[in-house]
Amino acid sequence: MTGGQPASDVGTDELLVSVDGPVLTVTFNRPSRHNAMTWAMYDGLVEACEQADRDDDVRAMVLTGAGEKAFVAGTDIGQFAEFEGGADGVAYEEHVDAVINRLIQVDKPTVAAVSGYCVGAGLGLAAACDLRVATQSAQFGVPIARTLGNCLAPPIQALLVHHLGPTRTMDLLLTARLLSAEEADGAGFLTRLVADGELDSATRELTERLAGHAPLTMWAAKETTRRFLAEGVPDGTDIVDRVYGSEDFRSGVAAFTSGRRSQWRGR
């Protein structure tokens, strides 16, 4: 598929990939579940990254969520019920980290177009993009301390520290609150903050500008930043294994899926 062809949809019903001129757009398409990610959606995103890189006519890649209620509201919680111990959590975090790293490595500029909830893995995906456009109704956070009792892989937390700083990242992780769009903009996380209803036009204006710029200059800026971010990220396998193997995580998943409030025990 080339950028010179009319817009077309490929992928799965849950993740739509379309190319319109020089822009490849990935739409997370589970609005009834706030676009929560399934394993197939993660795999489809990796393939979309591959498609963007192998098509010379594509000059920018956009990630967005179907509907106005969410960009991505994390990973589908029902899938965590399959976990049997810490090793499953380590494998999961390594897989999500690999997907986010592949997104970071896309040669073309990437844009997250955010409306509504951008939480958990959704915040990681948005942070992995080069630019972020959001509406006034957008909310950002990682509320796992009050929902599931799991944790972030160190590379993803390092990405949040890079964008938001250690103090604000700790605020999000420890208090489990959500940042408003205005707060995220004030923190420098957003490229543009727009009124509700103006997301599509603002994103289109941005990608049109990107499409007219020198590809290698933009790649050099991306690659230099990527190498900078890759320095000094610690191994956290032991951390992830302990948290995902805990009684708290198992009870947290069960409580969340049944609509109950979890009772944390610290073990």
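Any read-out appearing in this document is the output of simple, stated calculations on the displayed coordinates, not a laboratory observation. Everything numeric here is computed off the predicted structure, so don't read it as measured data. Using ideal geometry, Cβ is built from the backbone for each residue, glycine included, and neighbour counts are taken over all protein chains shown.
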Sorted by Cβ density within 10 Å, fewest first, the residues 88, 55, 130: 88, 55, 130
Among 109, 215, 143, which one shows the highest mean-square fluctuation when the chain is modelled as a Gaussian network with alpha-carbon springs under 10 Å? 215
Rel. contact order, % - alpha carbon contacts under 8 angstrom, at least six apart, the chain: 18
Helix-only mean residue ellipticity at 222 nm for the chain, each DSSP H run of n ≥ 4 adding -39500 (n - 2.57), per residue, nearest 500: -14000 deg cm²/dmol
Over the stretch 65-135, calculate the relative contact order: mean separation of alpha carbon pairs under 8 Å at least 6 apart, over the residue count, as a percent. 46
Quote the FRET efficiency, to the nearest 0.05, computed for residue 187 versus residue 257 with a Förster distance R0 of 41 Å and r equal to the Cβ-Cβ distance. 0.80
Amide H proximity to residue 63 below 5 Å, modelled H, separation 5+ or other chain, gives 26, 111, 112, 113
Arrange 246, 115, 258 by Cβ neighbour counts within 10 Å, fewest through most, would you? 258, 246, 115
For the chain, size of Cβ-based charge dipole, Lys and Arg +1, Asp and Glu -1, in debye: 840
Would you look at the GNM of the chain, springs on alpha carbons closer than 10 Å, and say which of 111, 233, 142 moves the most? 233
Name the residue, out of 212, 44, 74, whose mean-square fluctuation peaks in a Gaussian network model built on the chain with Cα pairs under 10 Å. 212
How large is the dipole of the stretch 93-155 about the Cα centre if only Lys and Arg carry +1 and Asp and Glu carry -1, each at its Cβ, rounded to the nearest 20 debye? 220
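Any chance you could run the full-extension gain for residue 228 through residue 47? It's 0.36 nm times the residue separation minus the Cα-Cα distance, nm to one decimal.
Computed gain between residue 228 and residue 47 is 62.6 nm.
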Computed ³J(HN,Hα) along the stretch 166-177: with the Karplus parameters 6.51/-1.76/1.60, θ = phi - 60°, integer Hz and x for glycine or proline, the list is x, 5, 6, 4, 5, 4, 5, 6, 7, 8, 6, 8
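If you rank 118, 129 by fewest surrounding Cβ atoms within 10 Å, what's the result? Show your work: numbers first, answer last.
Details: 118 32, 129 22.
Fewest to most other Cβ atoms nearby, the residues stand as 129, 118.
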Using only the alpha-carbon atoms of the stretch 44-128, report the extent along each of the three principal axes, biggest first, to the nearest angstrom. 45, 28, 18
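State the extension gain, in nm to one decimal, for the chain segment bounded by residue 84 and residue 57, taking 0.36 nm per residue of separation less the distance between their alpha-carbons. Don't skip to the answer; put the middle values down first.
Working: separation 27, 0.36 × 27 = 9.72 nm, distance 4.46 nm.
Stretched fully, the residue 84-residue 57 segment lengthens by 5.3 nm.
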Run the numbers for residue 242 and residue 146: contour at 0.36 nm per residue of separation, minus the present Cα-Cα distance, in nm. 32.8 nm
Where both residues lie in the chain, what percent of DSSP beta bridges are antiparallel, nearest 5? 30
Just how far, in whole angstrom, is the stretch 60-104 from the stretch 178-222 if you go by their alpha carbon centroids? 22
